[in-house]
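The values are calculated or read from the model by the stated rules, or taken from the named source; none is laboratory data. Since this is a predicted model, take the numbers as computed values, not measurements. In this analysis, Cβ positions are derived from the backbone assuming ideal geometry, glycine residues included, and neighbour counts consider all displayed protein chains. Quick note on the areas: whole protein, heavy atoms, side chains included, nothing else; ligands and nucleic acids left out. Shrake-Rupley method; radii C 1.70, N 1.55, O 1.52, S 1.80 Å.
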Amino acid sequence: MRRAAVQERAETDGYAVELRGVHRRYGRGAGAVHALRGVDLGLARGTFTAVMGPSGSGKSTFLQCAAGLDRPTSGSVRLGGTEITGLNENKLTELRRTRLGFVFQAFNLLPSLTVEDNVLLPLRLTGQRPGRRRAEEVLGQVGLADKARRRPGELSGGQQQRVAIARALVTRPDVVFADEPTGALDTGTAAEVLGLLRHAVDRLGATVVMVTHDPVAAAWADRALFLADGAFADALDRPSAEAVATRMTALTGRVPAGVAA
Ligand code: ADP
(Lines give C-alpha, C1' and ligand atoms only; values in the text may rest on other atoms or scores of the structure.)
Protein backbone atom coordinates (compact mmCIF):
# COMPACT_ATOMS: atom_id res chain seq x y z
CA MET A 1 0.00 0.00 0.00
CA ARG A 2 2.68 2.42 1.07
CA ARG A 3 4.71 1.64 -2.01
CA ALA A 4 1.78 2.56 -4.26
CA ALA A 5 1.44 5.87 -2.42
CA VAL A 6 5.15 6.55 -2.81
CA GLN A 7 4.98 5.81 -6.52
CA GLU A 8 2.07 8.19 -6.93
CA ARG A 9 3.96 10.95 -5.14
CA ALA A 10 6.95 10.38 -7.40
CA GLU A 11 4.75 10.94 -10.41
CA THR A 12 3.28 14.17 -9.11
CA ASP A 13 6.33 15.72 -7.44
CA GLY A 14 9.19 14.22 -9.41
CA TYR A 15 12.13 12.49 -7.80
CA ALA A 16 14.06 13.53 -4.73
CA VAL A 17 17.25 12.35 -6.42
CA GLU A 18 17.70 11.77 -10.14
CA LEU A 19 20.89 10.85 -11.99
CA ARG A 20 20.90 10.50 -15.77
CA GLY A 21 23.83 9.14 -17.75
CA VAL A 22 26.28 9.99 -14.98
CA HIS A 23 29.91 9.16 -15.65
CA ARG A 24 32.82 10.01 -13.35
CA ARG A 25 36.32 9.43 -14.61
CA TYR A 26 39.45 10.05 -12.59
CA GLY A 27 42.53 10.89 -14.65
CA ARG A 28 42.96 10.58 -18.39
CA GLY A 29 44.32 8.30 -21.06
CA ALA A 30 45.54 4.81 -20.32
CA GLY A 31 45.59 5.42 -16.55
CA ALA A 32 42.01 6.73 -16.36
CA VAL A 33 39.72 5.13 -13.79
CA HIS A 34 36.03 4.98 -14.71
CA ALA A 35 34.49 5.14 -11.25
CA LEU A 36 30.92 5.62 -12.57
CA ARG A 37 29.99 4.35 -16.03
CA GLY A 38 26.52 5.59 -16.86
CA VAL A 39 24.36 5.74 -13.75
CA ASP A 40 20.60 6.17 -14.42
CA LEU A 41 18.50 6.36 -11.32
CA GLY A 42 15.44 8.08 -9.92
CA LEU A 43 14.65 7.86 -6.20
CA ALA A 44 11.12 8.79 -5.18
CA ARG A 45 10.46 11.12 -2.27
CA GLY A 46 9.72 9.40 1.00
CA THR A 47 11.81 6.32 0.27
CA PHE A 48 14.78 4.69 2.00
CA THR A 49 17.41 3.32 -0.38
CA ALA A 50 20.54 1.35 0.48
CA VAL A 51 23.44 1.48 -1.97
CA MET A 52 25.71 -1.53 -1.74
CA GLY A 53 28.63 -2.89 -3.67
CA PRO A 54 32.09 -4.34 -3.28
CA SER A 55 35.01 -2.12 -2.34
CA GLY A 56 36.01 -0.03 -5.35
CA SER A 57 32.62 -0.44 -7.08
CA GLY A 58 31.93 3.31 -6.95
CA LYS A 59 29.76 3.79 -3.83
CA SER A 60 31.66 6.81 -2.50
CA THR A 61 31.86 8.38 -5.92
CA PHE A 62 28.13 7.85 -6.40
CA LEU A 63 27.32 9.47 -3.05
CA GLN A 64 29.65 12.41 -3.73
CA CYS A 65 28.14 13.03 -7.17
CA ALA A 66 24.54 12.54 -6.02
CA ALA A 67 25.06 14.96 -3.10
CA GLY A 68 26.78 17.67 -5.13
CA LEU A 69 30.12 17.16 -3.37
CA ASP A 70 31.80 16.08 -6.60
CA ARG A 71 31.02 16.84 -10.22
CA PRO A 72 30.34 14.10 -12.77
CA THR A 73 32.52 14.03 -15.88
CA SER A 74 29.26 13.89 -17.84
CA GLY A 75 25.57 13.42 -17.19
CA SER A 76 22.99 15.16 -15.07
CA VAL A 77 22.11 15.20 -11.36
CA ARG A 78 18.85 16.66 -10.05
CA LEU A 79 18.08 17.13 -6.37
CA GLY A 80 14.53 17.93 -5.36
CA GLY A 81 13.88 18.83 -8.99
CA THR A 82 16.84 21.23 -9.27
CA GLU A 83 19.48 20.49 -11.87
CA ILE A 84 22.75 20.89 -9.97
CA THR A 85 25.23 20.01 -12.67
CA GLY A 86 25.74 23.57 -13.86
CA LEU A 87 25.58 25.33 -10.48
CA ASN A 88 28.61 27.30 -9.31
CA GLU A 89 30.30 26.46 -5.99
CA ASN A 90 28.39 29.07 -3.97
CA LYS A 91 25.02 27.91 -5.22
CA LEU A 92 25.97 24.29 -4.66
CA THR A 93 27.07 25.01 -1.09
CA GLU A 94 23.81 26.83 -0.42
CA LEU A 95 21.80 23.98 -1.89
CA ARG A 96 23.70 21.43 0.23
CA ARG A 97 23.13 23.47 3.38
CA THR A 98 19.46 24.15 2.83
CA ARG A 99 18.21 21.06 1.04
CA LEU A 100 20.45 18.15 2.00
CA GLY A 101 21.26 16.42 5.26
CA PHE A 102 24.35 14.34 5.92
CA VAL A 103 25.07 11.53 8.38
CA PHE A 104 28.61 10.14 8.49
CA GLN A 105 30.22 7.10 10.04
CA ALA A 106 32.27 9.30 12.41
CA PHE A 107 29.26 11.47 13.46
CA ASN A 108 31.19 14.72 12.68
CA LEU A 109 29.69 16.74 15.53
CA LEU A 110 31.49 19.83 16.80
CA PRO A 111 32.80 18.88 20.28
CA SER A 112 32.83 22.41 21.71
CA LEU A 113 29.17 23.09 20.89
CA THR A 114 26.22 21.81 22.89
CA VAL A 115 23.96 19.19 21.34
CA GLU A 116 21.36 21.89 20.71
CA ASP A 117 23.86 24.16 18.96
CA ASN A 118 25.15 21.27 16.84
CA VAL A 119 21.58 20.54 15.74
CA LEU A 120 20.82 24.17 14.92
CA LEU A 121 24.10 24.76 13.08
CA PRO A 122 22.79 24.01 9.56
CA LEU A 123 20.06 26.62 10.03
CA ARG A 124 22.51 29.20 11.42
CA LEU A 125 24.86 28.59 8.49
CA THR A 126 22.07 29.67 6.18
CA GLY A 127 21.69 32.92 8.11
CA GLN A 128 18.60 31.94 10.06
CA ARG A 129 18.19 32.56 13.78
CA PRO A 130 16.24 29.49 14.80
CA GLY A 131 14.54 29.33 18.18
CA ARG A 132 15.16 26.61 20.75
CA ARG A 133 11.76 25.17 19.83
CA ARG A 134 13.08 23.74 16.59
CA ALA A 135 15.99 22.05 18.40
CA GLU A 136 13.61 20.68 21.03
CA GLU A 137 11.30 19.36 18.33
CA VAL A 138 13.93 17.57 16.31
CA LEU A 139 15.81 16.28 19.38
CA GLY A 140 12.46 14.92 20.59
CA GLN A 141 12.09 13.11 17.27
CA VAL A 142 15.35 11.25 17.91
CA GLY A 143 14.58 10.62 21.59
CA LEU A 144 17.16 13.03 23.02
CA ALA A 145 15.01 15.90 24.27
CA ASP A 146 16.80 15.77 27.64
CA LYS A 147 20.31 16.07 26.18
CA ALA A 148 20.08 19.53 24.59
CA ARG A 149 22.63 21.13 26.95
CA ARG A 150 25.16 18.32 26.88
CA ARG A 151 28.29 18.26 24.73
CA PRO A 152 28.82 15.42 22.25
CA GLY A 153 31.68 13.98 24.33
CA GLU A 154 29.25 13.31 27.19
CA LEU A 155 27.09 11.05 25.00
CA SER A 156 27.46 7.47 23.82
CA GLY A 157 28.28 6.72 20.18
CA GLY A 158 24.68 5.82 19.42
CA GLN A 159 23.42 9.02 21.04
CA GLN A 160 25.94 11.07 19.06
CA GLN A 161 24.71 9.51 15.84
CA ARG A 162 21.14 10.36 16.85
CA VAL A 163 22.23 13.97 17.32
CA ALA A 164 23.76 13.81 13.84
CA ILE A 165 20.42 12.55 12.49
CA ALA A 166 18.60 15.40 14.24
CA ARG A 167 21.09 17.83 12.65
CA ALA A 168 20.48 16.22 9.25
CA LEU A 169 16.70 16.60 9.63
CA VAL A 170 16.60 20.12 11.06
CA THR A 171 16.31 21.89 7.69
CA ARG A 172 13.62 19.43 6.50
CA PRO A 173 15.89 18.50 3.60
CA ASP A 174 14.91 17.01 0.25
CA VAL A 175 17.33 14.15 0.87
CA VAL A 176 19.41 12.75 3.73
CA PHE A 177 22.63 11.09 2.57
CA ALA A 178 24.09 8.60 5.04
CA ASP A 179 27.59 7.20 4.53
CA GLU A 180 28.09 3.99 6.54
CA PRO A 181 26.10 5.53 9.41
CA THR A 182 26.43 2.43 11.60
CA GLY A 183 30.04 1.60 10.75
CA ALA A 184 31.29 2.73 14.19
CA LEU A 185 28.44 1.24 16.25
CA ASP A 186 27.76 -2.12 17.89
CA THR A 187 24.87 -4.21 16.56
CA GLY A 188 22.22 -3.12 19.07
CA THR A 189 23.05 0.57 18.77
CA ALA A 190 23.21 0.25 14.99
CA ALA A 191 19.64 -1.10 14.99
CA GLU A 192 18.45 1.92 16.99
CA VAL A 193 20.05 4.33 14.55
CA LEU A 194 18.66 2.48 11.52
CA GLY A 195 15.24 2.41 13.19
CA LEU A 196 15.43 6.18 13.48
CA LEU A 197 16.26 6.61 9.80
CA ARG A 198 13.33 4.30 9.02
CA HIS A 199 11.11 6.41 11.29
CA ALA A 200 12.25 9.61 9.57
CA VAL A 201 11.12 8.16 6.24
CA ASP A 202 7.84 6.64 7.45
CA ARG A 203 6.69 9.35 9.83
CA LEU A 204 8.49 12.56 8.86
CA GLY A 205 8.43 12.12 5.09
CA ALA A 206 12.23 12.14 4.76
CA THR A 207 14.06 10.59 1.81
CA VAL A 208 17.17 8.63 2.82
CA VAL A 209 20.00 7.34 0.64
CA MET A 210 22.44 5.21 2.62
CA VAL A 211 25.72 3.73 1.47
CA THR A 212 26.63 0.63 3.42
CA HIS A 213 28.47 -2.63 3.06
CA ASP A 214 26.39 -4.26 5.80
CA PRO A 215 23.48 -6.50 4.62
CA VAL A 216 21.78 -6.15 8.01
CA ALA A 217 21.77 -2.35 7.65
CA ALA A 218 20.49 -2.60 4.06
CA ALA A 219 17.55 -4.69 5.26
CA TRP A 220 16.07 -1.55 6.90
CA ALA A 221 15.72 0.09 3.48
CA ASP A 222 12.79 -0.15 1.05
CA ARG A 223 15.21 -1.08 -1.68
CA ALA A 224 18.83 -2.18 -1.98
CA LEU A 225 20.74 -1.19 -5.11
CA PHE A 226 23.95 -2.95 -6.05
CA LEU A 227 26.86 -1.22 -7.73
CA ALA A 228 29.44 -3.21 -9.66
CA ASP A 229 32.26 -1.59 -11.62
CA GLY A 230 30.62 1.83 -11.62
CA ALA A 231 27.11 0.87 -12.72
CA PHE A 232 23.98 -0.36 -10.96
CA ALA A 233 23.85 -4.06 -11.67
CA ASP A 234 20.99 -5.27 -9.52
CA ALA A 235 18.22 -4.26 -7.11
CA LEU A 236 16.18 -5.89 -4.36
CA ASP A 237 12.85 -4.57 -3.07
CA ARG A 238 12.05 -5.06 0.62
CA PRO A 239 15.42 -6.73 1.03
CA SER A 240 16.17 -9.24 3.75
CA ALA A 241 19.71 -9.36 5.12
CA GLU A 242 20.08 -12.90 3.77
CA ALA A 243 18.97 -11.96 0.25
CA VAL A 244 21.31 -8.96 0.27
CA ALA A 245 24.23 -11.11 1.45
CA THR A 246 23.54 -13.62 -1.32
CA ARG A 247 23.46 -10.88 -3.96
CA MET A 248 26.70 -9.40 -2.63
CA THR A 249 28.31 -12.82 -2.78
CA ALA A 250 27.26 -13.15 -6.40
CA LEU A 251 28.83 -9.74 -7.16
CA THR A 252 32.11 -10.41 -5.40
CA GLY A 253 32.28 -13.98 -6.64
CA ARG A 254 33.06 -15.34 -3.18
CA VAL A 255 31.48 -18.52 -1.90
CA PRO A 256 29.62 -17.77 1.34
CA ALA A 257 30.96 -19.24 4.56
CA GLY A 258 29.46 -22.63 5.27
CA VAL A 259 28.74 -23.44 1.64
CA ALA A 260 30.84 -26.33 0.36
CA ALA A 261 32.91 -25.53 -2.71
P1 ADP B 1 33.80 2.38 -3.16
O2 ADP B 1 33.28 3.51 -2.34
O3 ADP B 1 32.73 1.45 -3.63
O4 ADP B 1 34.90 1.63 -2.48
P5 ADP B 1 34.99 4.45 -4.82
O6 ADP B 1 33.91 5.31 -5.34
O7 ADP B 1 35.79 4.95 -3.65
O8 ADP B 1 34.42 2.99 -4.52
O9 ADP B 1 36.02 4.16 -5.99
C10 ADP B 1 35.63 3.71 -7.29
C11 ADP B 1 36.88 3.62 -8.16
O12 ADP B 1 37.41 4.92 -8.38
C13 ADP B 1 38.01 2.82 -7.52
O14 ADP B 1 38.69 2.12 -8.56
C15 ADP B 1 38.89 3.87 -6.91
O16 ADP B 1 40.23 3.43 -6.83
C17 ADP B 1 38.75 5.01 -7.90
N18 ADP B 1 38.91 6.34 -7.28
C19 ADP B 1 38.15 6.88 -6.29
N20 ADP B 1 38.57 8.11 -5.99
C21 ADP B 1 39.63 8.39 -6.80
C22 ADP B 1 40.50 9.50 -6.98
N23 ADP B 1 40.34 10.63 -6.27
N24 ADP B 1 41.46 9.40 -7.92
C25 ADP B 1 41.60 8.27 -8.66
N26 ADP B 1 40.83 7.19 -8.54
C27 ADP B 1 39.85 7.23 -7.63
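Once all protein chains are placed together, Leu236 keeps about 20 Å² accessible to a 1.4 angstrom probe. A simple count of charges around Val211, restricted to other residues whose Cβ falls under 11 Å of its Cβ and scoring Lys, Arg +1 and Asp, Glu -1, yields -2.
Please list the helices of the chain that count as membrane-span-like by this rule: a mean Kyte-Doolittle hydropathy of at least 0.5 together with Cα atoms stretching 27 Å or more along the helix axis, each helix being a complete DSSP H run.
Working: long enough: none.
Span-like helices in the chain: none at all.
Annotation for the stretch 140-197: trypsin sites (Lys or Arg not before Pro) lying in DSSP loop with at most 16 further Cβ atoms inside 10 Å of their Cβ are Arg149, Arg150.
For Arg149, neighbours were defined as the other residues whose beta-carbon sits under 12 Å from its Cβ, and their charges (Lys and Arg +1, Asp and Glu -1) total -1.
Remark: the stretch 2-251 is approximated by an ellipsoid whose semi-axes, taken from the C-alpha gyration tensor as √(5λ), come to 29, 21, 18 Å, largest first.
Using a probe radius of 1.4 angstrom, the carbon and sulfur fraction of the accessible surface of the stretch 2-251 is 47%. Once both labels are positioned 7 Å from their Cα atoms along Cα-to-Cβ, the gap between Arg203 and Leu113 label points is 2.5 nm. If only the Cβ of Lys and Arg carry +1 and only the Cβ of Asp and Glu carry -1, the dipole of the chain around its Cα centre is close to 580 debye. Out of Val170, Thr93, Gln64, whose Cα points farthest toward the positive end of the dipole of the chain (charges: +1 Lys, Arg; -1 Asp, Glu; placed on Cβ)? Positive-end residue among those listed: Thr93.
Could you tell me the center-to-center distance, by alpha carbons, between the stretch 190-222 and the stretch 135-174 in angstrom? Value for the Cα centre distance between the two parts: 16 Å.
Model label points for Ala106 and Thr187, set 7 angstrom from Cα along the Cα-to-Cβ axis, are 2.8 nm apart.
Hey, with R₀ at 51 Å, roughly what FRET efficiency would Arg151 and Asp234 work out to, going by the Cβ-Cβ distance, to 0.05? Intermediate values should be presented prior to the final figure.
Working: r = 43 Å, r/R0 = 0.85.
The pair Arg151/Asp234 has a calculated efficiency of 0.75.
Between Ala30 and Ala241, full extension at 0.36 nm per residue minus the direct alpha carbon distance yields a gain of 72.1 nm. Within the stretch 2-251, DSSP assigns beta bridges of which about 55% are antiparallel (rounded to the nearest 5).
Under 11 Å from a label point set 7 Å out along the Cα-to-Cβ vector of Arg20, the amide N atoms of the stretch 33-75 belong to 41, 75. Close amide H contacts of Gly53 (hydrogens built in the peptide plane, cut-off under 5 Å, sequence separation of 5 or more or a different chain): Leu227. Surface analysis of the stretch 57-162 yields an accessible area of 49 Å² per residue, using protein heavy atoms and a 1.4 Å probe. Springs join every pair of Cα atoms under 10 Å in this Gaussian network model of the chain, and among Leu92, Leu227, Leu169 the largest mean-square fluctuation is at Leu92. Based on C-alpha pairs under 8 angstrom that are at least 6 apart in sequence, the chain has a relative contact order of 24 percent.
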